[in-house]
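See below for the structure under consideration.
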Amino acid sequence: MNKLAGGAGCGFKVSNRSDPCTVGVDLAANVVPLKTFCAVENTATTLRNVPSDMKVGFVDAEGQGDRDTAYDARIACPVLLAANCVIFNWRDSLQKDRMLDLLGVMCRAAASVDLGTSDAHTGTPAGTPTSQKPFGHLHIVFRDWNFDSEASAVEEQLLGLEAECGDLDSVKRNAVRRALDLAFESVSVWLLPPPVERTKDLKKVLTADLLSEDFNGAVLDLRFRICEQMCAGGRLWAGRSLTGPLLAQLVPRVAEALNQDGLVLPCSAYESMLRAELGALRERADEELAEDLGATAEEHAAKAGASLLQALEEFGVERALGDAELASKALEAALREAVDRALQGLVAAAEEEGVSAESEMLVEQAAKLRAQGEAKFPPLLTSFGRQVLWPLECSAARHELEALALELEATLPVESEEQELVGPLKQLLAKLGVGLRRAGSGG
């Protein structure tokens, strides 16, 4: 793997001892652009349509067979689901039964995967089968191959279906071969010669200067084939290209299903992750919407307050109250526009994550956001009324009382014997006017 990565490698430990260096799964800290990977040790490589935004990561899993097959399948499944290319490393002669037993672990992992699609994201009926196979391209690599055989002959011996004729062993082997064909996009066999010319050098920790020309050439051919397969397209999860952040959310869900001996449903895991992701986007949109609605209400209150009082002074009570009703409707319309902007922002953010605007989950989250936004309207409209409409109504009432006071003063009798009636009426009207002024100013 370090040799494939080129340069300083991908940081995996190497050892010439029998004890394995890796326990579980080891993820390399570095990734390289696919264009860089394709040109490692061969800058003349000419591959068409190399994606500029695709990066290559490296994962090493512990050797199979040390524990039970269920453990090996759990370890392998998340990595196999994510990997475009898988290398099965075999350092021995061709041993059909032993190798197919170990390869059967990956078949068991594939049996734990249901690739049925779901209408929540793709629009197809739940459980509809897909053309994509569970895992990517499998490369069976024979290390230190010293036998006079061609790769095609070894591949036929290992993977070619054999006549069964009632032989249980051949039936078992053929079952694994068929399962491999169903599990992987392709299966290839590679024969790599010993990495060094001198056998005694195998006891050393191998460095680049010790590697033989034949070994380097074989690795170069393997890398070229892997690059071709990667250029054809990366792995998809529920129709969506895999990214680092996406894997970080999906792999724990896969591991949880495997640890519970459940069926791994990539579409279901994806939708669960997507639902949580859309929920988080909606919550952020709701927080921003709350600020936008508050600012909109304050802006309308400031503008309406001054203009309505001016209308009252210049055009009278009836015109001012009519303008006030229009101002209230204008505020509600502005609030709805703010909600629409928030919904557009939510859809745009979701589409950046690869979610269709018609997705049921997005439609559901958009409906929740609209309901959350409209639930904020009543207190904002009530506050607008307190700030603008109530003072205006008080001012209008005061104007009417002042006009009534003048009218009373002009029409009420003024004979001395009736002054006791006129005086209290004027005082009452004055008190009402003061009260309304205080109410209008918040007093």
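The values are calculated or read from the model by the stated rules, or taken from the named source; none is laboratory data. This structure is a prediction, so every number in the text was calculated from the model and none was measured. Cβ atoms come from the backbone with ideal geometry, glycine included; neighbour counts cover every protein chain shown. Heavy atoms of the whole protein, side chains included, go into the accessibility calculation; ligands, DNA and RNA do not. Shrake-Rupley method; radii C 1.70, N 1.55, O 1.52, S 1.80 Å.
Summary of computed values
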| item | result |
| --- | --- |
| Heavy atoms of F147 accessible to a 1.4 Å probe, total area in Å² rounded to 10 | 110 Å² |
| Solvent exposure, largest accessible area first (probe 1.4 Å, DNA, RNA and ligands not counted), of R173, R341 | R341, R173 |
| Ranked order, S52, S328 - accessible area, probe 1.4 Å, largest first | S52, S328 |
| Karplus (6.51, -1.76, 1.60) ³J(HN,Hα), θ = phi - 60°, over the range 140-154, in Hz, Gly and Pro reported as x | 8, 10, 8, 8, 6, 6, 10, 9, 8, 9, 8, 4, 5, 5, 5 |
| Interchain or long-range residues, amide H under 5 Å from V86's placed H | H137, L138, H139 |
| Other-chain or far-sequence residues with amide H under 5 Å of V196's (modelled H) | S212 |
| Computed label-point distance, nm, for sites A163 and N146 using a 7 Å Cα→Cβ extension | 3.5 nm |
| Cross-link pairs K329/K368; K96/K133; K3/K55; K133/K368; K55/K368; K329/K376 - those with Cα-Cα distance over 27 Å | K133/K368; K55/K368 |
| Vicinal HN-Hα couplings computed from phi for the range 167-179 (Karplus, 6.51 cos²θ - 1.76 cosθ + 1.60; Hz; Gly/Pro x) | 7, 4, 5, 5, 4, 5, 5, 5, 4, 5, 4, 5, 5 |
| Residue-wise HN-Hα coupling along the range 223-230, computed from phi with Karplus coefficients 6.51, -1.76, 1.60 (Hz; x: Gly, Pro) | 5, 4, 5, 4, 4, 4, 5, 5 |
| Other-chain or far-sequence residues with amide H under 5 Å of K55's (modelled H) | L34 |
| Estimated inter-spin distance, N216 and K368, nm [label 7 Å along Cα→Cβ] | 5.8 nm |
